[in-house]
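Visitor: Supplied in structure tokens, the structure appears directly below.
The values are calculated or read from the model by the stated rules, or taken from the named source; none is laboratory data. Since the model is a prediction, treat every value here as computed from it, not as a measurement. Don't worry about glycine lacking a Cβ; one is built from the backbone with ideal geometry, like all the others, and counts go over all protein chains shown.
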Amino acid sequence: MKIHIKFTKSNPVSTSMEIFINEVACGELVMATNEASSFHQVVFLGCAKGIDTFSSSGKFSDTNLKQGIQIIYVPNHADSPDHPDSEPGFVTSINKQGAFCRYWSKLDSDYLRTMSCSELTPFDRLIIKDTRPQTRVDDLVEEMKSNPDKYGVMG
């Protein structure tokens, strides 16, 4: 089954989306933006490995993502956040194309993979999920803000 969610309108309060199954329009859904984010994740995670494909397009309100929110990046070829190529991290800033994120090192999970720059990641490849104690992330964000020579400028 080929599943596609097309965001047609999104703001901090509500989000409209068209749903396509096997390239056939099935209708439009309108819901609270925070619920739309959860719905997107449920559909993405519910796709059967090797059988279903999932894609999304359009502009989704970025109000659910903000600095310090923990995420998992799921690459295009991966089928779930549990895929070995998926990467946990956190958001450092947002722009219209996606979220700038820092990712944890696969060699030492308590350290960042990169020290001096965040990586722009498309919204539709991110899943909001805590993988570390939030206090660890909050402390690191504050350290990054106070030491731009080491971590680069945030924001």
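Visitor: Is there a residue being loosely packed, with under 14 Cβ neighbours inside 10 Å and at pLDDT 75 or above anywhere in the range 60-67? Outline the logic, then answer.
Guide: Narrowing the range 60-67 to residues loosely packed, with under 14 Cβ neighbours inside 10 Å: 66.
Restricting the remaining residues to those that are at pLDDT 75 or above gives 66.
Within the range 60-67 (the criterion being loosely packed, with under 14 Cβ neighbours inside 10 Å and at pLDDT 75 or above), the answer is yes, since at least one residue qualifies.
Visitor: Now for a different question. Out of Ser38, Ser109, Ser86, Ser105, report the one residue that is small (Gly, Ala, Ser), in the same structural domain as Asp139 (by TED's automatic domain parsing), closer than 27 Å to Thr135 by Cβ and out of contact with any Phe, Trp or Tyr (no Cβ under 8 Å at 6 or more places or on another chain).
Guide: Details: Ser38 fails: in the same structural domain as Asp139 (by TED's automatic domain parsing); Ser86 fails: out of contact with any Phe, Trp or Tyr (no Cβ under 8 Å at 6 or more places or on another chain); Ser105 fails: out of contact with any Phe, Trp or Tyr (no Cβ under 8 Å at 6 or more places or on another chain).
Exactly one residue qualifies, and that residue is Ser109.
Visitor: Here is a further query. Right, Val74: of a type outside the set (S, T, N, Q), surrounded by fewer than 19 Cβ atoms within 10 Å (Cβ to Cβ) and either in the same structural domain as Cys47 (by TED's automatic domain parsing) or touching a residue at least 12 places away in the same chain (Cβ under 8 Å) (or both) or not?
Guide: Values: of a type outside the set (S, T, N, Q): yes; surrounded by fewer than 19 Cβ atoms within 10 Å (Cβ to Cβ): no; either in the same structural domain as Cys47 (by TED's automatic domain parsing) or touching a residue at least 12 places away in the same chain (Cβ under 8 Å) (or both): yes.
No, not satisfied.
Visitor: Follow-up question, since we're still on this one. Taking the condition of a type in the set (Lys, Arg) and touching a Gly at 6+ places or on another chain (Cβ under 7 Å), does Arg113 pass?
Guide: Values: of a type in the set (Lys, Arg): yes; touching a Gly at 6+ places or on another chain (Cβ under 7 Å): no.
For Arg113, the condition - of a type in the set (Lys, Arg) and touching a Gly at 6+ places or on another chain (Cβ under 7 Å) - is not met.
Visitor: Can you name every residue in the range 107-137 that is over 23 Å from Ser38 (Cα atoms), at pLDDT 85 or above and not in a strand (DSSP E or B)? I'd like the intermediate steps shown before the answer.
Guide: Initial filter on the range 107-137 (over 23 Å from Ser38 (Cα atoms)): 107-119, 135-136.
Keeping just the survivors that are at pLDDT 85 or above gives 107-108, 111-113, 117-119, 135-136.
Passing the criteria: Leu107, Asp108, Tyr111, Arg113, Cys117, Ser118, Thr135, Arg136.
Visitor: Any chance you could count how many residues in the range 83-97 are of a type in the set (Gly, Ala, Ser) and within 19 Å of Lys49 (Cβ to Cβ)? Walk me through how you get there before you give the answer.
Guide: At the first step, the residues of the range 83-97 found to be of a type in the set (Gly, Ala, Ser) are 86, 89, 93.
When the remaining residues are screened for being within 19 Å of Lys49 (Cβ to Cβ), the result is 86.
Qualifying residue count for the region: 1.
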